[in-house]
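Below: the structure, in structure tokens.
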Amino acid sequence: MAGGSFAPGGLAMERAEQYQGKVTSYVIIACLVAAIGGSIFGYDIGISGGVTSMDGFLSHFFKEVYKSKKSAHENNYCKYNSQKLSAFTSSLYLAGLVATLVASPVTRNYGRRASIICGGISFFIGAVLNAFAINMAMLLVGRILLGVGIGFGNQGVPLYLSEMAPAHLRGGLNMMFQLATTLGIFTANMVNYGTQNLHDWGWRLSLGLAAVPAFMMTVGGIFLPETPNSLVERKSKDKGREVLERIRGTSNVDAEFQDIVDASEIANSIKNPFRNIFEKKNRPQLVMAIFLPMFQILTGINSILFYAPVLFQTMGFGGEASLYASAITGAVLASSTLISMATVDRLGRRVLLISGGIMMVVCQVIVAIILRMKFGDNQELSKGYSILVVIVICLFVLAFGWSWGPLGWTIPSEIFPLETRSAGQSITVAVNLLFTFIIAQSFLSLLCALKFGIFLFFAAWITLMTIFVVVFLPETKGVPIEEMTFLWRKHWFWKKRVPVS
């Protein structure tokens with residue numbers, strides 16, 4: 001059991017109402033700097049799809065796909081069907097999956113900042129290698145290093161944000177990670193739009209500019225303060241209290257600091273957090289750490305974001321038009337995250353997840369119907385229907401941006417007790433990257449095989465995950481991070497399965 005403070009008999013007590021403090025400029029600046037880590041994730045998502053649709057890149061590394069793209073006889077849905085091309089995109093996420101498991105002990109033993117800095121350095125080197133790649137081996141090594149950077153960054157940044165933010169604003173501040181991710185996607189889309197006509201070196205510029213957010217993340221990580229939770233967990237209580245007083249803007253932090261100390265004592269008694277996370281008392285958190293990131297990817301959002309230019313060209317858009325349409329979806333995603341940041345700590349997590357799920361299902365079904373009725377194997381959509389498809393996809397992205405996009409990261413990062421928090425975040429990131437890898441590797445083949453049915457495939461998953469939220473996820477709004485354990489004991493389903501002590 002973790003969270004809360006402890007009475008003499010060892011029973012947990014809730015005393016969140018005793019927490020003092022305010023939102024200081026110090027904590028906002030720290031969270032802004034840390035959230036830059038999300039931009040490297042977003043930049044790669046946005047840049048990959050645009051680059052893989054550029055003639056210069058395809059003719060240099062993927063000549064078979066280039067010939068298929070130019071062929072007038074190839075089925076529209078199958079022009080880009082290449083496992084080799086898919087591997088370019090997906091290799092990064094497989095590397096990230098492995099890296100996040102390594103990042104967990106680094107985050108726990110050396111602090112959240114250490115993971116952020118390691119992630120930034122690795123991503124920077126990977127971006128440079130990709131920009132100057134002369135063969136496939138160099139390109140893939142760069143992609144692997146980018147994946148390592150994402151694995152470390154996605155491990156450290158959400159934990160950092162959750163632990164620095166005050167409980168009543170944790171949702172909004174934590175979503176800075178998702179906001180940075182969406183801004184990274186939008187920036188990448190605009191970069192692709194600007195470099196598409198540079199032919200032989202435009203794709204190099206697109207890939208190389210990933211070094212910019214990586215550099216910012218590394219430098220920012222060097223100057224960030226460590227979180228009070230991590231300092232106390234690593235036996236630096238005085239420094240931990242000093243940082244807590246600074247970020248809360250008051251010296252009256254006894255209640256919150258004692259909760260952190262109590263949680264730290266339990267955390268330090270756990271020698272193997274990965275083994276502990278499978279204990280019955282941690283079952284609800286483990287289920288959420290597995291299913292929330294899995295469902296986040298099975299919305300189909302990454303297929304749209306990775307392959308937006310490819311997808312739009314498949315539907316008959318020209319090269320410039322397809323990149324322009326993907327830039328629009330990137331802008332919508334970034335703006336929709338602001339909606340979530342403004343409402344998550346007032347409306348709660350469940351309302352946003354359920355409403356977003358319903359809207360996404362409707363949008364996927366509409367796109368499937370349009371493609372079934374108006375788009376054949378070797379014909380283009382009319383201008384009117386093309387505009388309608390872009391609008392509906394933007395509505396889908398809007399719904400994802402206020403719901404499963406940010407909350408797929410926010411909720412898992414805030415529900416684990418301190419002793420399993422780094423391990424729990426590793427599982428969350430690993431599951432996310434595993435399914436990202438699976439979808440990235442299989443999407444082009446699925447598109448070729450299922451055609452318009454690919455949208456119905458994702459609609460079915462969104463229906464399932466919306467039901468999952470209704471039945472199994474309690475509301476975490478306003479619950480202090482070290483008292484989250486009490487939440488499961490009040491939920492109609494989990495209270496029968498979580499031990500009292």
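Laid out as a table, the results:
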{"quantity": "At R0 = 45 Å, FRET efficiency that the Cβ-Cβ distance of GLN83 and VAL287 yields, to 0.05", "calculated": "0.85"}
{"quantity": "Taking the chain and dividing mean pair separation by its residue count, relative contact order in percent (alpha carbons under 8 Å, at least six apart)", "calculated": "27"}
{"quantity": "Rounded accessible area per residue of the chain, 1.4 Å, Å²", "calculated": "36"}
{"quantity": "Chain lengthening between PHE493 and ASN135 when straightened (0.36 nm per residue, less Cα-Cα)", "calculated": "123.5 nm"}
{"quantity": "Given the chain, longest segment not containing exposed loop trypsin sites (Lys or Arg not before Pro) (DSSP; at most 11 other Cβ within 10 Å)", "calculated": "272-489"}
{"quantity": "Value of [θ]222 nm, deg cm²/dmol, for the chain, DSSP H segments ≥ 4, -39500 (n - 2.57) each, nearest 500", "calculated": "-24500 deg cm²/dmol"}
{"quantity": "Derived scalar couplings ³J(HN,Hα) [the stretch 253-258; Karplus, 6.51 cos²θ - 1.76 cosθ + 1.60; whole Hz; x for Gly, Pro]", "calculated": "10, 4, 5, 5, 5, 5"}
{"quantity": "Whole-percent carbon and sulfur share, accessible surface of the chain, 1.4 Å", "calculated": "67"}
{"quantity": "Cβ-based charge dipole, the chain, positive-most Cα from THR420, VAL389, ILE370", "calculated": "ILE370"}
{"quantity": "Förster radius 45 Å - calculated FRET efficiency between LYS239 and ILE369, Cβ distance, rounded to 0.05", "calculated": "0.15"}
{"quantity": "Cysteines not pairable in the chain (beta carbon separation under 4.7 Å absent)", "calculated": "CYS31, CYS118, CYS363, CYS394"}
{"quantity": "Accessible-area ranking of GLU256, GLU64, largest first, probe 1.4 Å", "calculated": "GLU64, GLU256"}
{"quantity": "Pair PHE486, ILE28: separation of 7 Å Cα→Cβ label points (nm)", "calculated": "3.0"}
{"quantity": "GLU64-LYS271 pseudo-label distance in nm [points 7 Å out on the Cα-to-Cβ vector]", "calculated": "5.2"}
{"quantity": "Prolate/oblate/rounded call for the chain, Cα gyration tensor, a/c under 1.5 rounded", "calculated": "prolate"}
{"quantity": "Label-point separation in nm, LEU456 to LEU101, each point 7 Å along Cα→Cβ", "calculated": "3.8"}
{"quantity": "Net length gained if the chain between GLU475 and LYS383 were fully extended (0.36 nm per residue, minus Cα distance)", "calculated": "28.7 nm"}
{"quantity": "Computed lengthening from SER251 to TRP201, 0.36 nm per intervening residue step minus Cα-Cα distance", "calculated": "12.4 nm"}
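The values are calculated or read from the model by the stated rules, or taken from the named source; none is laboratory data. Every value quoted in this text rests on a predicted model; they were computed, and no experiment measured them. Positions of Cβ are generated from backbone atoms using ideal geometry, with glycine treated the same way; all protein chains shown enter the neighbour counts. Each accessible area value is taken on the protein alone, full model and side chains, heavy atoms only, with ligands, DNA and RNA left out. Shrake-Rupley method; radii C 1.70, N 1.55, O 1.52, S 1.80 Å.
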